[in-house]
């Protein structure tokens, strides 16, 4: 539903002009009426004075020259309403009907006082006023019409074009332009609008270019992170390979010895069957060891961090413990695992999460120097699963505690570490939308807490 903005500019201006003209019309009508009344009163007094002086000139010493018939005729014709002759002793004679004050009082040479009332004259006044008001209304209507046309052409239409252009510009049509015309202020506004639209086009093109550059840089950064994670995984495979070499060598030696005994040919059928079974078991042992290494070192088909990928953290911990269980560096380390029951699945890929845990376990084992205790625990939080790896080693140097997840930060001697293990852990967790923190334990050792978002 569109928003209501009330009356437009043209309507408001015309309404204001109509109110102004209406007020002026009423005021002029009142003033005209007052002027007409004043003019009629003055005309009435002048006419009464003229009649009074004419009558007074022929009134005689006692007013006897004024006869009844002529004055009655004048009253009948409407020239006079009443005539009175007053002497020193009061009213002597009178004609007509008495009403109000006299319009004229004249004294004769003989000392008589002649009072005259004349009727009010309004002949032509009403028609004159009506004609005046008609022309006044016609003038006002003409001015209003002219104002409407001029407002429409010089102001309203240019502003309306600006409004429509602004709506198109807001809708993303940046090629919009408006003609520069109308009043000076409106024309300047149109020119400014065109400049603004041009600047928006340039800014949008620049932003689009920067966005493309950012996408390209992001793609390169993602690829570089993948390469780092891949490299760190291969390095971990190398460290695992040294530990499981005897796991492959011992079965191979056993297989070779059994084959030598079988080649002597002095075994009965039951012994040969037992030897074949032992060879098969040792071969399966080698197969499982190599398969674990290959599964860990392979490149994931599904990148970590995707919301639709999820993993069972308990299974990840179990597989990782199996992978390092026979490693020589963990032989004298007490590895304790405490997982809360019914842990929810977490975001991320199984192999990436196993790499995360493996790097944390390697880091703890290196800190212990091959002897000590490592605790792995996991518990359910509010929408997250908290995975904690603790050790009772010397802890993390306070000087590098804040930079422990930065690449190439390490306290190991040259050639003994790349400083990428914890950096890879941080990258994996960050891309999953989680968080990882490192701290020193009060009782000694280090603790790494990983908060992984629960899968939806």
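Filter the range 301-318 down to residues that are in contact with a helix residue (DSSP H, G or I) (Cβ under 6 Å, 6 or more places away or on another chain) and under 12 Å from residue 355 (Cα atoms) and give me whichever is modelled with the lowest pLDDT.
In the first step, residues of the range 301-318 are kept if they are in contact with a helix residue (DSSP H, G or I) (Cβ under 6 Å, 6 or more places away or on another chain); the result is 304-305, 311, 316.
Okay, now just the ones that are also under 12 Å from residue 355 (Cα atoms), so 304, 316.
Values: 304: 42, 316: 91.
The qualifying residue modelled with the lowest pLDDT is 304.
Determine whether the range 352-372 contains at least one residue that is out of contact with any helix residue (DSSP H, G or I) (no Cβ under 9 Å at 6 or more places or on another chain), modelled with pLDDT under 90, within 19 Å of residue 309 (Cβ to Cβ) and surrounded by fewer than 18 Cβ atoms within 10 Å (Cβ to Cβ). So far as the range 352-372 goes, no, none of its residues is out of contact with any helix residue (DSSP H, G or I) (no Cβ under 9 Å at 6 or more places or on another chain), modelled with pLDDT under 90, within 19 Å of residue 309 (Cβ to Cβ) and surrounded by fewer than 18 Cβ atoms within 10 Å (Cβ to Cβ).
For the range 255-300, a residue qualifies if it is at pLDDT 75 or above and part of a loop (DSSP other than H, G, I, E, B), and exactly one does: 268. For the range 1-21, the set of residues classified as surrounded by 11 or more Cβ atoms within 10 Å (Cβ to Cβ) and either at pLDDT 75 or above or not in a helix (DSSP H, G or I) (or both) consists of 8, 15, 17, 18, 20, listed by residue number. Selection of first residues in the range 431-444 that are in the same structural domain as residue 388 (by TED's automatic domain parsing) and at pLDDT 90 or above and of second residues that are assigned to a loop (DSSP other than H, G, I, E, B) and surrounded by 13 or more Cβ atoms within 10 Å (Cβ to Cβ), restricted to Cβ pairs under 6 Å at least 6 apart or on distinct chains, gives the following pairs, ordered by first then second residue: 438/404; 440/395; 440/396. Could you grab me the full set of residues in the range 311-347 that are assigned to a helix (DSSP H, G or I) and in contact with a strand residue (DSSP E or B) (Cβ under 7 Å, 6 or more places away or on another chain)? Those that are assigned to a helix (DSSP H, G or I) and in contact with a strand residue (DSSP E or B) (Cβ under 7 Å, 6 or more places away or on another chain): 313, 314, 317, 321. In the range 348-369, the count of residues that are part of a strand (DSSP E or B) and touching a strand residue (DSSP E or B) at 6+ places or on another chain (Cβ under 9 Å) is zero.
Of 161, 168, all but one fail to be out of contact with any helix residue (DSSP H, G or I) (no Cβ under 9 Å at 6 or more places or on another chain), part of a helix (DSSP H, G or I), surrounded by 14 or more Cβ atoms within 10 Å (Cβ to Cβ) and modelled with pLDDT of 80 or more; the exception is 168. Taking the conditions (1) outside any helix (DSSP H, G or I); (2) modelled with pLDDT under 90; (3) within 25 Å of residue 330 (Cβ to Cβ) in turn, residue 422 satisfies each one other than (1).
The values are calculated or read from the model by the stated rules, or taken from the named source; none is laboratory data. The structure displayed is predicted, hence computed values, not measured ones. A quick note on method: Cβ atoms are made from the backbone with ideal geometry, for glycine too, and the neighbour counts reach across all protein chains shown.
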